[in-house]
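Take a look at the structure below.
The values are calculated or read from the model by the stated rules, or taken from the named source; none is laboratory data. Treat the numbers as computed from the prediction; the structure is a model and nothing was measured. Neighbour counts run over all protein chains shown; Cβ positions are idealised from the backbone, glycine included. Only protein heavy atoms, including side chains, enter the accessible area calculation; ligands, DNA and RNA are left aside. Shrake-Rupley method; radii C 1.70, N 1.55, O 1.52, S 1.80 Å.
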Amino acid sequence: MDSAAGVVLEVRDLRAYLYTRWGVVRAVDGVSFVLREGETLGLVGESGCGKTMTGLSLVRLLPEPAGRIVDGQVLLEGEDLLAKSESEMRAVRGRRVSMILQDPQTSLNPVFTIGDQILEALGQHHVDGERSLAARAQEALRRVKVGAPEQRMRAYPHQMSGGMKQRVVGAIAVAGEPRVLIADEPTTALDVTIQLQYLALLKEIQARTRLAMLFITHDFGIVARMCDRVAVMYAGRIVETGPTRALFRAPRHPYTEALMASVPRLEGHVARLPSIEGQPPPLHDLPPGCRFADRCAYVADRCRREYPPTMPVGPAHEAACWRNEPSAPSR
Amino acid sequence: MQRFVLRRLAQSVLLLFVLALIVFALARVSGNPADLLLREDATQEDRAHLLRALGLDRPIHEQLYLFLAGALRGDLGESIRYRKPATEVFFERLPNTLRLLPLAMVGALALAIPLGVLAAVYRGTLVDRVSGAVAVLGIATPSFWLGIVLIYVFSIRLGLLPSSRMGGPSHYVLPTITLGLFLVAGMMRLVRSSLLEVMGSEFVKLARLKGLSQTVVIWKHCLRNALIPVTTLFGVYFALLITGAIVTETVFAWPGVGRLTYEAVIFRDYPLLQAVILLKAIIVLGVNLGVDILYAYLDPRVRYA
Amino acid sequence: MARVEERIDESALGRPRGDLARLPWVSFAIIAVLVLVAVLAPLIAPHSPTEQSLPDKLLPPAWEAGGSARHLLGTDVLGRDVLSRLIYGARVSLIVAAVALLAGGGIGLIVGIVSGYLGGRTDSFLMRSVDATLTFPTILIALLLAVSLGPGLRTIAIAITVLIWARFARVVRGEVLAVKTRDFVALARVHGCSHLRIMAVHIVPNVLNTFMVLLTLHIGFVIIVEASLSFLGAGIPPPTPSWGQMVSDGRSHIASAWWLSVVPGAAIMLVVLAFNLFGDWLRDWLDPRLRQV
């Protein structure tokens, strides 16, 4: 794979902290990855590891005043988003980078109709001045497979099901025809059957528009279904990145390994699912060495002293673990 | 919707009934209600005559029946001080209070909403701290004292505004401020906290993701949601104003029902006081009922529930 | 994950950073002085609060022209020393606040615990009563009581009890609902404890923090209510000095003797402010979840 070809978004050493009364929470602490046209990158990890904060940093919508991006670069087609002014950012949001939020129940404003909220998104971005806005809003609904769009336009959010609302959120997110779509656990709040439909819908949109998708999730089943590549995040950092197949077949970071072991599989009955012992370190009080050290089965002295650098472990596959150092004895 | 209205109506009527019972009972707890009605220099014959006239020589359940039947006909007894039916006195005074209350309410809202929004938007900054301090101070200031201080400063020292009684527009200034400020502090903090809550919600993020500016999101998306709790509390605010009017009208010698309440208290005019209380209760409950029904029409979630 | 982050986020938004753990020393000092003054009133007061001296009437405070050092805050229409009346008035305010809060708060505590613990019909009946009390302008009932029972400490305590019990009951009930589901309550049931014992031994200690915070937060409110009732002639009857009564008495002399109303009113404001700030601090310190109260 040519590493420079088709790169839409490149994130370099991103750091975003939350300044709370208990101290500085280093939610995103040196995250780097690239995202190419038409590809889906899964960002996986436990609750509280900084996945959502990473996503929000890319559109510069961290919770104010606590959240702040302190370092790094977010290069969208070569332009650094972090160097832009707030009004320049407004032109980026929705039109070039967009996001689907986790909870469809609260993502729509309860006091406005669906139509109003879609029209608002369309009105911001004059993609096509020819047809009337209303017709385009209806078409946007039709594209996300919402039946009877004429009537739905006049409905209020509470009159729709969760799955339907999430489709509307999707329609709003892609209304401006963005190059990059961040999907933050878009199906977590949905029923299982509706989940699959929704994922298929996202795939369809992606196939049509060639947008690059950052898919944030904690569900490896969804990763296998959706993603070309995976980045595993732990305690504010990416610990392993690689092509989905390669990473599934041979995880090279003990955390990824442990995560995969805790996922139930259809083939072969496992008597008991192993779970990872212990808790991730608190993000406001991080150890100097590897953050997984306390829970790691292979922990060595060095792990507690020094944070391991990210090392290549295969084609387009890299991990941050001392065990992958060329000199170290391999498993 | 109809069932909702009927249920709320039934609750209000029940509440009124309980209140009437309390009023009836309290008049008898301290002894014979006739003693509350008689002048100090009344003779034994006067007393016996009054007992018969009011039916107080009858058994207690008959008295209750007489009282409730009278109340239903609008007869709540005769004011001792004014020597005419208490309800009549009340309705003579009511319009004067109704001239004051809307002004105070509108004034309070006009001040509290922008201040609350500013405090929320610039939270943690000087604006927020100053408005927070003003709110804390506002809650700690007794409104009867505020009224007196305002009179001292603006009427006596500066001679700018009239200090009491009704009259031209200038007479409304000080009473409106006194009555309205009573509400501002609480309202302002409510607007601030509910706006902050709304500003943290997901739909705000989605609105920002559409490329809308922070200002548009706050005024268009957040404020309407943030004002829902304020509208819900309209009934409570109204009740607070009715209460606050007692003190304010007393300070400014405003001839409304608040001042009438005070007169009933200091002249120990029990029939007048019981009429004032029951009638005010009807007004407060009526307003609350109206607000609930209106609210059900305004909020799409309640409307279609 | 979002949930964890939202929690962090909210706590950071709640109030400006850094001013949380600070004990409000000024409030604390004002409260301490108030309590001392009230307790030691007979020793501190320069004059009797009720002694009249018509030749000395309407003397201005010491710093105004015509004032004298004998009466630091001047005298009223009957020649009584304002400072002494203020000092004795502090007693009235505190006694009324203590009695009313213990009665009203106590009833609220019991109702809240019973309602929350038993649930079901008892709960819905009690909570309906609470709602009814809260929507109704209860101060009118307080005035009615004053007229029918005659003014006095007993009347005002009953009146304020009627006014505050519902507020306590509602918050305590909420706490009980949360405590009730914890394991130790179920465990106590399994061990055969009676409902009464569970409420007394297991529930009460767990809502005590909340109760203390509620008490503190209501002191200021009760002082204002007492002053308002006294102002309206439905409080502690004269000649016992109370701050609300003093403001009321001074009202007709505002043009010639501003201090008669302004001084006691300022005292009310200062004391209420001190108690409220102290209560806010205590709430944040003991139980930040109560911020909505």
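Counting every C-alpha pair in the stretch B:186-277, the share spaced more than 18 angstrom apart comes to 61%. The angle separating the long axis of helix B:2-29 from the principal Cα axis of greatest extent in chain B is about 40 degrees. Cα gyration tensor of the stretch C:144-255, axes a ≥ b ≥ c as square roots of the eigenvalues: rounded (a/c below 1.5), prolate (a/b > b/c) or oblate? Prolate. Spatial offset of the stretch B:75-106 relative to the stretch C:170-221 amounts to 46 Å, using the alpha carbon center of each.
Annotation: amide H-H contacts under 5 Å for A:SER47 (H modelled 1.01 Å from N, sequence separation of 5 or more, or interchain): none. For chain B, the longest principal axis of the alpha carbon atoms and the long axis of helix B:270-298 meet at an angle near 30°. Here the stretch C:120-167 is described by how far its Cα atoms reach on the three principal axes: 39, 17, 16 Å, from widest to narrowest.
So what is the diffusion coefficient of the stretch A:62-128 in µm² per second by Stokes-Einstein at 37 °C and 0.692 mPa s, using a Kirkwood Rh over Cα pairs? Translational D for this selection: 227 µm²/s.
Within chain A, DSSP assigns beta bridges of which about 60% are antiparallel (rounded to the nearest 5). Around the amide H of C:THR75, modelled in the peptide plane, lie the amide H atoms of C:LEU58, C:LEU59, C:VAL82, all under 5 Å away and 5 or more residues distant in sequence or on another chain. Note that the stretch B:145-154 has calculated 3J(HN,Hα) couplings of 6, 4, x, 5, 5, 4, 4, 4, 6, 8 Hz, one per residue in order, obtained from phi through the Karplus relation 6.51 cos²θ - 1.76 cosθ + 1.60 (θ = phi - 60°); glycine and proline are x.
Per-residue ellipticity at 222 nm from helix content only, as computed over the protein assembly as shown with -39500 (n - 2.57) for each DSSP H run of at least four residues, stands at -18000 deg cm²/dmol. The B-C contact accounts for approximately 4100 Å² of buried accessible area, totalled over both chains at a 1.4 Å probe radius.
Among A:THR54, A:THR244, A:THR209, determine the one that fluctuates most according to a GNM of chain A built with springs between C-alpha atoms less than 10 Å apart. Per the Cα network of chain A with a 10 Å cutoff, A:THR209 tops the list.
Annotation: Cα Rg of the stretch A:43-182 relative to the compact-globule expectation 2.2 N^0.38 Å equals 1.12. For the stretch C:39-61 versus the stretch C:120-169, the inter-centroid distance based on Cα atoms is 36 Å.
Charges were assigned to the Cβ only: +1 to each Lys and Arg, -1 to each Asp and Glu. The resulting dipole of the stretch C:82-291 about its Cα centre is roughly 380 debye. Of interest is the spacing of the C-alpha centroids, which for the stretch A:48-90 and the stretch A:133-170 amounts to 29 Å.
Ligands, DNA and RNA aside, B:HIS221 has an accessible area near 0 Å² when probed at 1.4 Å. Kirkwood analysis of the Cα pair distances in chain B returns a hydrodynamic radius of 22.4 Å. The Cα atoms of the stretch A:1-82 give a gyration tensor whose axes a ≥ b ≥ c have a/c of 1.5 or more with a/b greater than b/c, which makes the shape prolate. Mean 1/r over all different Cα pairs, inverted: what Kirkwood radius does the protein assembly as shown give, in Å? Taking every pair of different Cα atoms in the protein assembly as shown, averaging 1/r and inverting gives 32.4 Å.
Does chain A classify as rounded, prolate or oblate by the C-alpha gyration tensor (a ≥ b ≥ c root eigenvalues; a/c under 1.5 gives rounded; else a/b over b/c gives prolate, otherwise oblate)? Here chain A falls in the prolate category.
Between helix C:259-286 and chain C there is an angle of about 20 degrees, using the helix long axis and the longest principal axis of the Cα atoms.
Taking 18 Å as the straight-line reach from the Cα of C:LYS57, the aspartates and glutamates in range (excluding those fewer than 8 positions away in the same chain) are C:ASP76, C:ASP81, C:ASP249. Its Cα gyration tensor gives the stretch C:82-291 an equivalent ellipsoid, and the semi-axes of that ellipsoid, as √(5λ) in whole Å with the largest first, are 38, 18, 13. Taking θ as phi - 60° and the Karplus parameters 6.51, -1.76 and 1.60, the scalar couplings of the stretch A:78-83 work out to x, 9, 7, 5, 6, 8 Hz in sequence order, x denoting glycine and proline.
Bridgeable lysines around B:LYS210 (alpha carbons under 30 Å apart, same-chain partners fewer than 8 residues away excluded): A:LYS51, A:LYS84, A:LYS145, A:LYS165, A:LYS203, B:LYS220. With R₀ set to 35 Å, the beta-carbon distance separating B:ILE293 from B:ARG83 gives a calculated FRET efficiency near 0.30. Evaluating kT/(6 pi eta Rh) at 25 °C and 0.890 mPa s, with the Kirkwood radius of the stretch C:216-293 over Cα pairs in the Stokes-Einstein relation, gives 180 µm² s⁻¹.
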